[in-house]
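Encoded as structure tokens, the structure appears first; notes follow it.
The values are calculated or read from the model by the stated rules, or taken from the named source; none is laboratory data. Worth saying up front: this structure is predicted, and the values here are computed from it rather than measured. Every residue, glycine as well, gets a Cβ built from its backbone with ideal geometry; the counts of neighbours run over all protein chains shown.
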Amino acid sequence: MGQYRIPKAIPEFRKSYALVRADQSADTMVVFVHGLGGKPTSTWLDFHRLIKICSVNYPWWEKCDLFFYSYESLRTPIGVNAQRLGKFVDYILSKDATGSLRFPASSGKSHARLIFVGHSEGAVVIRRLVLDRLNKIEKANSHKRNLILKAAKADIILSSQLRLFAPACMGTNFSSFLGFATSLSHLVSAIASSFLVRNELLPNSPVLRPIESETENAHSKFQQIPCFPAKVLFGDHDQVVYTASYKCDEIDYENGQDHFSICKPDFWYLRPLEFVS
Amino acid sequence: MTKDNRKHRLDNITFFLNMISDSGSLSAPSSSKSSLLDSTRILRSMGLVEATLWLRLGIEIGFFDEESVADDLLPSMGDGLSAAWSVLIEANALSSGTWCDFMSDGPKPTFMKDKFFGPLQKKVRTFDNLSDPEHLAYLLQCFLGFLLLTSEVIFEPSTMIFLQSIGWDTDDKWAHLIRGDSMSLEFHVAEFNIGFANHVQYLEQLRKYRADNVLFVSDRLDSINSILALDQKVGKIVSQRVILDRPHVKGRCFKLGSWILSIVNQPGPEWQEVRRSIFSQIARITESNKNDRPRLWSDFINNTREDIDRAERELRRDFLKGPSLAME
């Protein structure tokens with residue numbers, strides 16, 4: 001059984017919270033970002049237990065603090081949510097009023113490594129965030145390649161790695177309202193399909209198209225920056241999103257999983273634990 | 001108890017207050033005349049009592065610090081609990097007389113501290129294996145999972161609006177609300193449907209989580225008893241918000257399901273599959289008798305057809321009126 005993690009609320013960001021190592025021995029922060037109509041616990045609860053129970057087989061997780069980001073996913077535009085996610089990461093790395101780090105890592109400093117784990121719309125929000133961060137750094141460094149690379153190396157968001165479960169990057173399949181064939185979330189999906197963000201997630205939308213082209217460009221231009229290519233996992237029963245991703249991504253499929261179960265490990269399906277690490 | 005353990009228990013109280021409470025929800029139900037507050041008054045009251053029950057269970061398994069709850073938290077909650085209990089009694093909102101044992105009867109109910117701590121002081125405790133660190137860690141983990149799932153709905157506005165409406169609104173008001181033709185502007189119509197989805201999802205996930213908790217310790221007989229006891233206690237705590245199995249609510253639930261289906265209507269096998277799935281989901285969460293299901297299914301199909309006809313009539317009427325009139 002793995003070590004105990006302490007729950008810590010992060011009320012500045014809705015119902016976001018963290019599960020951090022009691023002995024402050026983590027060096028990696030894993031930020032989980034749920035999808036359309038989702039919530040942090042209902043999406044990721046199975047990770048809490050499995051990484052503890054299966055720590056012998058997946059010791060990598062013992063070095064991680066877990067952060068579960070909560071955001072309004074139905075009506076708030078993806079660009080706005082990307083900006084807020086960036087603020088969330090900055091907040092985790094910041095100091096409180098007394099000058100102490102809010103979430104110190106094993107070094108006594110802040111975490112050195114960041115992994116973003118996104119599901120569905122969450123994946124799109126993450127990808128928008130890394131592009132926005134690159135744009136900011138490019139501008140700040142007058143588009144000079146060497147300076148950009150140096151700044152990117154020092155930036156934890158641009159140094160992050162992306163693990164995306166059923167990303168909605170190529171669009172959702174619910175243009176007809178009914179791209180849903182899962183049991184648990186039929187109601188949620190049917191209802192969610194009528195909200196604003198649904199339009200942003202339609203294939204080739206003015207929100208999705210630039211994310212794809214900018215990511216591909218950024219990757220070909222800055223191969224050293226690790227956050228543009230993502231590891232992607234789809235279930236072969238996914239009928240909510242298009243099961244495709246960008247050229248730079250490493251895509252795989254899992255038998256017997258759908259859009260919602262793909263990111264929920266259990267005793268018989270431990271691949272999500274392995275996939276994130 | 002180590003100093004570290006005590007610190008964790010104190011930190012857990014802070015965590016609880018941050019995650020469970022929302023905009024002062026652990027205080028008295030507001031007497032404000034705001035219609036939104038009024039639309040959630042019963043559920044806010046229920047949430048407050050429920051949160052107090054979670055606190056007690058957390059103390060019992062060592063997740064919260066007993067002393068701090070007794071000295072710092074409960075004294076500030078007494079008035080709120082009294083007001084909340086009055087609201088629940090007045091609205092006849094409780095389906096069980098044994099849900100909460102720490103509120104006194106009578107016109108001015110009060111919080112009874114000795115009753116609250118009564119079960120914690122019994123010599124024979126429910127959880128008798130807490131000295132085993134591995135078992136305790138697992139039990140705390142399970143408790144935290146339950147708490148986190150509940151934190152996503154307990155004071156969540158759309159869930160509260162939905163539950164109060166489906167449980168206590170008049171038939172007339174309910175019908176207007178689900179069709180979105182109520183004059184009231186107290187909340188977005190879609191919030192209501194989101195509340196429905198949230199609640200259904202919560203019940204489903206709670207069911208799955210409870211099953212998994214037992215599964216994960218199935219090789220340890222000494223742990224199973226504690227996990228089952230935790231499960232039973234959690235079931236009792238959340239029992240009052242599981243209102244979908246109440247007779248008058250069941251019918252409303254199926255009607256709402258058919259209404260949502262009519263909104264997303266698109267003839268074809270995909271939609272028919274969704275219809276079947278939503279029916280099964282509602283039948284399961286309303287704990288409908290299996291023998292009744294053929295009749296319920298038949299009613300559900302008829303209701304859905306009626307709702308679709310109504311929606312199409314409205315669409316035709318808007319079309320005939322033309323855009324200028326429809327804009328008015």
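Mind listing just one residue for me: the one in region A:128-166 that is within 19 Å of residue A:277 (Cα to Cα) and of a type outside the set (S, T, N, Q) and, of those, surrounded by the fewest Cβ atoms within 10 Å (Cβ to Cβ)?
Residue satisfying both the conditions and the ranking: A:156.
Among A:82, A:22, which is among the hydrophobic types (A, V, I, L, M, F, W, C) and either farther than 28 Å from residue A:210 by Cβ or touching a residue at least 60 places away in the same chain (Cβ under 8 Å) (or both)?
When all the criteria are applied, what remains is A:22.
How many residues are part of a helix (DSSP H, G or I) and within 11 Å of chain A (Cβ to nearest Cβ) if we restrict to region B:204-224?
Qualifying residue count, region B:204-224: 10.
Output the residue which, of all residues in region B:45-97 that are among the hydroxyl-bearing types (Ser, Thr, Tyr) and farther than 17 Å from residue B:16 by Cβ, is modelled with the lowest pLDDT.
Within region B:45-97, the match that is modelled with the lowest pLDDT is B:96.
Within region B:259-301, count every residue that is away from every other protein chain (no Cβ under 14 Å), charged (D, E, K, R), surrounded by 14 or more Cβ atoms within 10 Å (Cβ to Cβ) and free of Cβ contacts under 8 Å to residues at least 40 places away in the same chain.
Selection size over region B:259-301: 1.
Per-residue answers, yes or no, for (1) farther than 20 Å from residue A:35 by Cα; (2) touching a helix residue (DSSP H, G or I) at 6+ places or on another chain (Cβ under 8 Å):
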site: A:203; (1), (2): no, yes
site: A:209; (1), (2): no, no
site: A:217; (1), (2): yes, no
site: A:223; (1), (2): yes, no
site: A:227; (1), (2): no, yes
site: A:239; (1), (2): no, no
site: A:263; (1), (2): no, yes
site: A:266; (1), (2): no, yes
site: A:273; (1), (2): no, yes
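Restricting the first residue to region B:206-235 and requiring it to be without any contact (Cβ under 8 Å) to a residue 12 or more places away in the chain, which pairs with a second residue that is among the aromatic types (Phe, Trp, Tyr) and exposed (fewer than 15 other Cβ atoms within 10 Å of the Cβ) meet a Cβ separation below 8 Å and a spacing of at least six or different chains?
The qualifying pairs are B:215/A:267.
Taking the residues in region B:193-203 that are at the interface with chain A (Cβ under 7 Å from one of its Cβ atoms) and of a type in the set (A, V, I, L, M) as candidates, determine which candidate is farthest from the chain's Cα centre (by Cα).
Among those that are at the interface with chain A (Cβ under 7 Å from one of its Cβ atoms) and of a type in the set (A, V, I, L, M), it is B:194.
Among the helices (runs of 4 or more DSSP H) confined wholly to region B:54-170, which include 2 or more residues that are within 14 Å of another protein chain (Cβ to nearest Cβ) and within 17 Å of the chain's Cα centre (by Cα)?
So the answer is B:133-151, B:157-168.
Are there any strands (runs of 3 or more DSSP E) wholly within region A:1-105 with 1 or more residues that are buried (at least 17 other Cβ atoms within 10 Å of the Cβ) and at the interface with chain B (Cβ under 10 Å from one of its Cβ atoms), and if so which?
The strands (runs of 3 or more DSSP E) meeting that bar are A:5-10, A:16-21, A:64-69.
Please count how many residues of region B:241-258 are crowded, with 21+ Cβ neighbours inside 10 Å and more than 25 Å from residue B:311 (Cα to Cα).
Within region B:241-258, residues that are crowded, with 21+ Cβ neighbours inside 10 Å and more than 25 Å from residue B:311 (Cα to Cα) number 3.
Within region A:208-218, does at least one residue satisfy the condition of being part of a loop (DSSP other than H, G, I, E, B) and either within 16 Å of the chain's Cα centre (by Cα) or surrounded by 16 or more Cβ atoms within 10 Å (Cβ to Cβ) (or both)?
No, the conditions are met nowhere in region A:208-218.
Which condition number does residue B:108 fail, the rest of (1) out of contact with any Lys or Arg (no Cβ under 8 Å at 6 or more places or on another chain); (2) under 27 Å from residue B:161 (Cβ atoms) being met?
Unmet condition: (2).
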